[in-house]
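We did not get these values from a lab; they are worked out from the coordinates using the rules stated. Just so we're clear, the structure is a prediction, and the values are computed from it rather than from any experiment. Ideal geometry is used to build each Cβ from the backbone, glycine not excepted, and the neighbour counts take in all protein chains shown.
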Amino acid sequence: MPRNKGQEKMSLISVHVPKRMLEELDELVRRGIYPNRSEAIRAAIRELIYKESLKSVRPAQEPTPADDQSEEITVLPGR
């Protein structure tokens, strides 16, 4: 299938996964959550990269107790 000019070139990788994990992945595809295995795996990799990038940013952004002078907010349950 030809790629559009705007699409990034993809690299092929091989991974070994347990049979049960592959069956669960195929179930996500069967249910239409992802169009195919590759897109499901790419989505998982994107999420992993995003979560790991937050880990390196989060410590610098968390306020210390001395810095936190915000007012306390009471959360009430919804109707």
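All other residues whose Cβ lies under 12 angstrom from that of Glu23 are scored, Lys and Arg at +1 and Asp and Glu at -1, for a net of +1.
In terms of packing, defined here as the mean over residues of other Cβ atoms within 10 angstrom, the peptides 38-45, 20-27, 8-15 line up highest first as 38-45, 20-27, 8-15.
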